[in-house]
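Comments concern the structure below.
The values are calculated or read from the model by the stated rules, or taken from the named source; none is laboratory data. Everything numeric here is computed off the predicted structure, so don't read it as measured data. Here Cβ is always computed from backbone atoms with ideal geometry, including for glycine, and neighbour counts include all displayed protein chains.
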């Protein structure tokens, strides 16, 4: 059977100006194929902007404790089939259940032909209720986990030893007001040399688990633990008390491609984690690739690190909790991942308010945000180093140079916010009418820029017909053939004659009516 189909979309369209009708698809207003000259961009902006009136009102009640209660705590099968684990590291606990020990693993359900029906990301510490290859039925429980805490689990069985955990210094006793139970909570060490941690030892090996500030201990010094046992829990409240931006501010943040505050650091390479020392309040984390390449990252020492020593990571996996920076996603995972991230994140805001918008409208705008390339190596082209160039111009220039046997330029894709993208447009009249008029016009005059009047705004400003709808060049050159023109004139004459006859008839009827009225009087 067919497993993959490549589909055309606005994001894959190769047309230099606008998008082609085949990539855009149907006009959602009429349900028919989109016509030449349709203003897809204006329609996209209106489709996204109109429901925005419903967004602003309700941002305050979204996020916070109330909506976090709905966090999922289980995975159920949506199809019949057999279970397949993908990139999932598990250990078997004392009671025989499998426990997920990494964050990048997933569970898939496949049919009898081996085709994947569904796939789910598995949360670290989730208890799996199924085994690899097991047959499952619709609605059967696949995995469950605690939605209110992050757990730190041990991969091996052995004896727990406390490292740098001292009462009153790195450990405080807290009493739960509701239950009256006391528990030990990790506090920030006064000096950097102390790194609160558990060490689990057995005859063959030992493992170290670092404890972040605010972790609740679930075991005591000298306890015996088995693989998959919980050593400590970190309440999610303490990690996510900050404001969750929802509604319009979130949409603006995404469209403007702003870097969020306190972003999560993501791994740039596939490799194995190794923890380094703490310097100036920052913990060093090293990721070593199979070929020996090493990347170093610094994470504030009290922050909960999502990875354990010796864990395998893939490029793009976050090392800590927090919002992702779209520019990092572009650098590490590439354009396709960023496109689906932006479309999903923007849709998420509208979905939360129960608004349905077609993906294609958001894709039209994301396409314009990813139009630009920054030059890394000039080669034999006319570009400058670090210059920002339209990707189509970049491709044309490279083709020209390669045809003459020269070296092409290399560049990396850029993500521009919608304001920046509008100011970077080819037309200086359009950019000047938008923002920073003085700067735009000064640069245009220094560069001797030429405006070809291809967009809507510049044509409106100079008072020409806009190149959309019937103003499109394609329609301007449409002429009727002499036979058609004659036929049209004949039809017009016939219609005029019929109208005149009908008018005469009406006039006669009116006169007859008046005559009858007078006779009656």
Which listed residue, of 274, 261, is out of contact with any helix residue (DSSP H, G or I) (no Cβ under 6 Å at 6 or more places or on another chain), surrounded by fewer than 16 Cβ atoms within 10 Å (Cβ to Cβ), at pLDDT below 90 and over 30 Å from residue 49 (Cα atoms): 274
Number of the exception - residue 283 against (1) surrounded by 19 or more Cβ atoms within 10 Å (Cβ to Cβ); (2) more than 14 Å from residue 212 (Cα to Cα); (3) in contact with a strand residue (DSSP E or B) (Cβ under 9 Å, 6 or more places away or on another chain): (2)
Residue list for the stretch 29-44, restricted to those being assigned to a loop (DSSP other than H, G, I, E, B) and within 20 Å of residue 473 (Cβ to Cβ): 34, 35, 36, 37, 38, 39
Single residue of 366, 373, 355 found to be surrounded by 14 or more Cβ atoms within 10 Å (Cβ to Cβ), touching a residue at least 24 places away in the same chain (Cβ under 8 Å), under 26 Å from the mean Cα position of the chain (by Cα) and part of a strand (DSSP E or B): 373
Verdict on residue 460 being touching a helix residue (DSSP H, G or I) at 6+ places or on another chain (Cβ under 7 Å) and farther than 27 Å from residue 11 by Cβ: no
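Quick one: count up the residues across the stretch 154-174 that are touching a residue at least 60 places away in the same chain (Cβ under 8 Å) and not in a strand (DSSP E or B).
Counting residues in the stretch 154-174 that are touching a residue at least 60 places away in the same chain (Cβ under 8 Å) and not in a strand (DSSP E or B) gives 4.
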Some residue of the stretch 467-488 being in contact with a helix residue (DSSP H, G or I) (Cβ under 7 Å, 6 or more places away or on another chain) and surrounded by 13 or more Cβ atoms within 10 Å (Cβ to Cβ): yes
Residue list for the stretch 398-431, filter: in contact (Cβ under 8 Å) with a residue 24 or more places away in the chain and crowded, with 18+ Cβ neighbours inside 10 Å: 408, 409, 411, 414, 415, 416, 421, 425, 427, 429, 430
